[in-house]
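The values are calculated or read from the model by the stated rules, or taken from the named source; none is laboratory data. Just so it is clear, the model here is predicted, and its values are computed rather than measured. All Cβ positions, glycine included, derive from the backbone under ideal geometry; neighbour counts span all protein chains shown.
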Amino acid sequence: DVVPAGERPGWLLNLTNDGWFGISTGPHQHLQQARVRAIEEGLPLVRAANTGISAIVDPVVRIVTSLPLGTEGVIDGPLPRPVASTFYAKSGDGLIGLVIATALIIVLRKRTRRTGER
């Protein structure tokens with residue numbers, strides 16, 4: 001672990017090799033996926049891609065500064081401050097499991113009732 005258990009990091013780092021995508025939508029999609037991680041955690045994101053798109057993103061997913069796709073260079077910009085820990089950062093995927101389990105129970109009960117009515 002880079003950050004000790006129970007402690008919150010100050011920012012997220014996304015190092016990626018998007019070179020195999022070429023000039024396509026792939027790097028744009030990867031940037032969007034990384035931005036989702038930033039808003040989930042309420043943390044700023046630094047994304048470094050060997051062929052672009054590199055960026056500094058704030059915790060509410062605004063791009064502070066970036067290098068476009070296919071551009072070689074260096075980003076020198078301020079690292080935004082994190083926001084308060086989000087609900088997802090505190091609960092994680094456990095809540096998703098609870099929602100799925102609840103949905104399964106509801107579906108199974110409805111099926112059992114239908115079978116019993118026949």
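The set of residues from region 64-102 being out of contact with any helix residue (DSSP H, G or I) (no Cβ under 9 Å at 6 or more places or on another chain) and β-branched (Val, Ile, Thr) comprises Val64, Thr65, Thr71, Val74, Ile75, Val83, Ile96, Val99, Ile100, Thr102.
Of these, Gly94, Gly22, which one is small (Gly, Ala, Ser), outside the structural domain of Val2 (by TED's automatic domain parsing) and at pLDDT below 90? Give the steps one after another, and end with the answer.
Values: Gly22 fails: outside the structural domain of Val2 (by TED's automatic domain parsing).
From the options Gly94, Gly22, the qualifying one is Gly94.
Taken across region 49-56, residues that are under 20 Å from Leu69 (Cβ atoms) and loosely packed, with under 12 Cβ neighbours inside 10 Å do occur, with at least one present. Please verify whether Arg111 is assigned to a helix (DSSP H, G or I), of a type in the set (Lys, Arg) and either free of Cβ contacts under 8 Å to residues at least 24 places away in the same chain or closer than 28 Å to Asp18 by Cα (or both), treating the condition exactly as stated. Spelling it out, Arg111 is indeed assigned to a helix (DSSP H, G or I), of a type in the set (Lys, Arg) and either free of Cβ contacts under 8 Å to residues at least 24 places away in the same chain or closer than 28 Å to Asp18 by Cα (or both).
Hey, could you check region 14-24 for residues that are in contact with a strand residue (DSSP E or B) (Cβ under 7 Å, 6 or more places away or on another chain) and surrounded by fewer than 20 Cβ atoms within 10 Å (Cβ to Cβ) and say which is farthest from Thr86 (Cα to Cα)? Spell out how you get there, then give the answer.
Pass one, region 14-24, residues in contact with a strand residue (DSSP E or B) (Cβ under 7 Å, 6 or more places away or on another chain): 14-16, 18.
Next, only the ones that are surrounded by fewer than 20 Cβ atoms within 10 Å (Cβ to Cβ) stay: 14-16.
On the way: Asn14: 20, Leu15: 23, Thr16: 25 Å.
So, considering only residues that are in contact with a strand residue (DSSP E or B) (Cβ under 7 Å, 6 or more places away or on another chain) and surrounded by fewer than 20 Cβ atoms within 10 Å (Cβ to Cβ), the one farthest from Thr86 (Cα to Cα) is Thr16.
Checked against the criteria, Pro27 counts as within 15 Å of the chain's Cα centre (by Cα), surrounded by 17 or more Cβ atoms within 10 Å (Cβ to Cβ), in a helix (DSSP H, G or I) and not acidic (Asp, Glu). The set of residues in region 35-66 that are β-branched (Val, Ile, Thr) and under 18 Å from the mean Cα position of the chain (by Cα) comprises Val36, Ile39, Val46, Ile53, Ile56, Val57, Val60, Val61, Ile63, Val64. For region 67-104, a residue qualifies if it is outside any helix (DSSP H, G or I) and within 18 Å of the chain's Cα centre (by Cα), and the qualifying residues are Leu79, Pro80, Arg81, Pro82, Val83, Ala84, Ser85, Thr86, Gly92, Asp93. Within region 67-84, residues that are within 18 Å of Pro27 (Cβ to Cβ) sit with their Cβ atoms under 6 Å from residues that are polar (S, T, N, Q) and outside any loop (DSSP other than H, G, I, E, B), at 6+ positions apart or across chains, in these pairs: Leu67/Ser54; Ile75/Ser54; Ile75/Thr65.
Restricting attention to region 48-63, report how many residues are closer than 14 Å to Trp11 by Cα and either in contact with a Ser or Thr (Cβ under 6 Å, 6 or more places away or on another chain) or not charged (D, E, K, R) (or both). Matching residues across region 48-63 total 7.
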